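Encoded as structure tokens, the structure appears first; notes follow it.
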Amino acid sequence: MPLPEGTLQGTILKGIGGFYYVSDGKEIIQGNARRKLKRRRKDTIYVGDEVEYEIRPKDRECIITKVLPRRNILKRPPVSNLDTLVIVSSAETPE
């Protein structure tokens with residue numbers, strides 16, 4: 001299904017204090033979530049989420065408009081859409 005005019009897709013790389021860094025594969029854009037996404041608990045944005053966003057012309061930052069369906073999620077640390085997970089552990093306590 002084609003995206004609405006002016007809407008782009010990207011992946012969340014980092015989220016700090018309500019600001020998110022979205023990569024479209026070419027560049028990384030800072031932005032924040034649309035107000036209605038912030039209010040709904042089910043729409044929490046995690047690192048790794050695929051999102052739809054729009055660019056604000058006045059400051060070239062983005063507004064996240066939609067979180068796309070997730071393949072999977074890990075609550076701690078909060079990340080989603082993992083392809084590989086490696087757990088490293090020591091067999092014995094080091095000195």
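The figures follow:
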{"item": "Per DSSP, loop trypsin sites (Lys or Arg not before Pro) in region 44-89 with at most 11 further Cβ within 10 Å", "result": "58, 60, 71, 75"}
{"item": "Heavy-atom accessible surface of the chain: percent carbon and sulfur, 1.4 Å", "result": "52 percent"}
{"item": "Assigned charges on the beta-carbon of Lys, Arg, Asp, Glu; region 18-95 dipole about Cα centre (debye)", "result": "820 debye"}
{"item": "Label selected from [x] 55, 30, 29; [y] 57, 27, 26; [z] 35, 26, 22, the criterion being Cα extents along the principal axes in Å as computed here", "result": "[y]"}
{"item": "Residue with peak Gaussian network fluctuation, the chain [Cα springs, cutoff 10 Å], from 64, 16, 73", "result": "16"}
{"item": "The chain - accessible surface per residue (Å², probe 1.4 Å)", "result": "78 Å²"}
{"item": "Lysine pair count for the chain [Cα-Cα under 23 Å; pairs on different chains or 8 or more apart]", "result": "19"}
{"item": "The chain, relative contact order [Cα under 8 Å, separation at least 6], %", "result": "23 percent"}
{"item": "Choice from 57, 78, 69 showing the highest fluctuation, given a GNM over the chain with Cα pairs closer than 10 Å", "result": "57"}
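The values are calculated or read from the model by the stated rules, or taken from the named source; none is laboratory data. Please read these numbers as outputs of a predicted model, since none were measured by experiment. A quick note on method: Cβ atoms are made from the backbone with ideal geometry, for glycine too, and the neighbour counts reach across all protein chains shown. Protein only, heavy atoms only, side chains kept; ligands, DNA and RNA dropped before computing areas. Shrake-Rupley method; radii C 1.70, N 1.55, O 1.52, S 1.80 Å.
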